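Please treat every number below as a calculation from the coordinates, not as lab data. Being a predicted model, the structure only gives us computed values, none of them experimental. So basically every Cβ, Gly included, is an ideal-geometry build from the backbone, and we count neighbours across all protein chains shown.
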């Protein structure tokens, strides 16, 4: 089987050194294995993504000396595919409409913690979504949706895991150490959102669908997404999608130890190039 790698940025800002590390790793690993290198534009969020940033992505990657297969897949052009996946999950009875706003959830968490109670949180530290809507009367939910009430579609984690029975989820992690099968516990994330009212699909749903449709065999991405992998493995099993091999690479940080962000001009590829930097300088700076 021909190895297939991909770099999948969101056009919501300029690329920085952390993006360069991920893009170059995927590109070079594809070349070293006689594999394929794909570029995917994850522009599923219309509130944040901009065409001008997509143009800058192409320009910066070409400046780095990278090339990729055409055509480039844009998530915004494949919303129907993600909707089909959501409908399959609805047919299994493992998703439900969720109506609580972020403000309401935040208020509940604050009230609980003010009284000395604990509220479960996901690996990123975000409070888990309350579960009472899992069993909301379908007729009531349908009426609220028909009335135009804002809602998300969330994965019922309990029912989703129940469909797997006694099967234990895991993923194959590669890298500097020997390949290792990592146990996957998606319940740590609670009832994750799969479809938003303000954007079609979510990262979790669209990424597993795209990787499968594009035949991606190796997902090489930052360590910040390591704990998202259990959710992805669960969705892959529910939707009967193949499981790629994973490699979660080190993250680059700023002087304060924080992960690089697109707002940091000091590490932006365009700013570094305009200051006289070269692609070779970038490789040295990111440790390649």
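Structure notes:
- Extension gain for the segment residue 72 to residue 225, taken as residue separation times 0.36 nm less the Cα-Cα distance, is 52.8 nm to one decimal.
- Scaling the Cα radius of gyration of segment 67-129 by the globular reference 2.2 N^0.38 Å produces a ratio of 1.75.
- All distinct Cα pairs of segment 150-263 go into the 1/r average, and the inverse of that average, the Kirkwood radius, is 15.5 Å.
- Cα pair count fraction exceeding 16 Å, expressed as % - segment 157-211: 61
- Hull volume per residue, based on the alpha-carbon atoms of segment 1-75 and their convex hull, is 85 Å³.
- The slack in the chain from residue 104 to residue 168, taken as 0.36 nm per residue of separation less the alpha-carbon distance, amounts to 19.6 nm.
- Globularity ratio of the chain, using Cα Rg and 2.2 N^0.38 Å: 1.07
- Estimated FRET transfer efficiency (residue 240, residue 62; beta-carbon r; R0 51 Å; 0.05): 0.85
- Compared with the dominant principal axis of the Cα atoms in the chain, helix 203-213 is inclined by about 60°.
- Geometric extent, Cα atoms of segment 56-212 - Rg, Dmax (angstrom): 19.2, 57
- Only helices enter this figure: runs of n ≥ 4 DSSP H residues, each worth -39500 (n - 2.57), summed and divided by the residues of the chain, yield -11000 deg cm²/dmol at 222 nm to the nearest 500.
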